[in-house]
Amino acid sequence: MRNWFAALALLIGAAALPGVAAAQLSVTRSPSLAPVLGDTIRGTAATTFSVSTTGAVTRTSGNAIRMSTGSVRAPTITLGCTNNSNNCRTRDIRVTILPINSGSATVTRLRVSALTNGGRFESGSTPGEAAILQFDIKALGSRTTSFDLGMDVRLAANAAAGDHEFDYLVVAELQ
């Protein structure tokens, strides 16, 4: 529940920032839903499945069993400006990614790949893994940039067998 409040506070805060024209930024998730781990068989211990930025899935702890041994489609997040205003040419973009946890499957860690299409992290390197990610991307101008999103998903001990939903929120704002 705390993550819902954090997400709401973050969105309200982003909307209230002076000089930020929300319509100037676009954020696209492809696919629009979080990865699907597929059917799992309950474990007696909490189990973490790690989804890499390439979609490979590995059980890193616990004893639940994932029925599929294949990869999943790691989400691709694309950022861009909807117009080539001065703000898009001169202002960096702050990206915040946070889990929205409800139910027996929860996102516990997030990671991003390198940026595409000449996008550059303000820090000069890919940010490290974290429970909530926040990083800056240098001004894009009229370009778009994308990154793939990986995550660790924790399945609760004795969770019902089947498919479990989990999600995350991506917020982008001009700095």
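The values are calculated or read from the model by the stated rules, or taken from the named source; none is laboratory data. Quick caveat, the model's predicted, so the values are computed rather than measured. With ideal geometry, Cβ positions are generated from the backbone for all residues, glycine too; neighbour counts draw on all protein chains shown. What goes into the accessible areas is simple: the full protein's heavy atoms, side chains included, and nothing from ligands, DNA or RNA. Shrake-Rupley method; radii C 1.70, N 1.55, O 1.52, S 1.80 Å.
Among the residues of the range 22-62, those that are within 16 Å of the chain's Cα centre (by Cα), assigned to a loop (DSSP other than H, G, I, E, B) and surrounded by fewer than 13 Cβ atoms within 10 Å (Cβ to Cβ) comprise P31, S32, L33, T54. Being surrounded by 18 or more Cβ atoms within 10 Å (Cβ to Cβ), more than 30 Å from T44 (Cβ to Cβ) and under 10 Å from the mean Cα position of the chain (by Cα) is not true of V107. Out of (1) under 11 Å from the mean Cα position of the chain (by Cα); (2) surrounded by fewer than 17 Cβ atoms within 10 Å (Cβ to Cβ); (3) within 21 Å of D163 (Cβ to Cβ), what's the single condition that is false for P99? Every listed condition holds for P99 apart from (2). Quick check on A139: is it out of contact with any strand residue (DSSP E or B) (no Cβ under 6 Å at 6 or more places or on another chain) and surrounded by 15 or more Cβ atoms within 10 Å (Cβ to Cβ)? Taking the combined requirement at face value, the residue satisfies it. For D152, indicate whether it is out of contact with any Gly (no Cβ under 6 Å at 6 or more places or on another chain), exposed (fewer than 15 other Cβ atoms within 10 Å of the Cβ) and among the charged types (D, E, K, R). No: the conditions fail for D152. Number of residues in the range 110-127 that are in contact with a Lys or Arg (Cβ under 9 Å, 6 or more places away or on another chain) and open to solvent by 70 Å² or more (accessible area, probe 1.4 Å) equals 3.
Among the strands (runs of 3 or more DSSP E) confined to the range 128-175, the ones with at least 2 residues that are charged (D, E, K, R) and farther than 15 Å from S26 by Cβ are located at 144-155.
Out of all the residues in the range 63-96, which are assigned to a loop (DSSP other than H, G, I, E, B), of a type outside the set (V, I, T) and either open to solvent by 40 Å² or more (accessible area, probe 1.4 Å) or under 19 Å from E173 (Cβ atoms) (or both)?
The answer is N63, M67, S68, S71, R73, N83, N84, S85, R91, D92.
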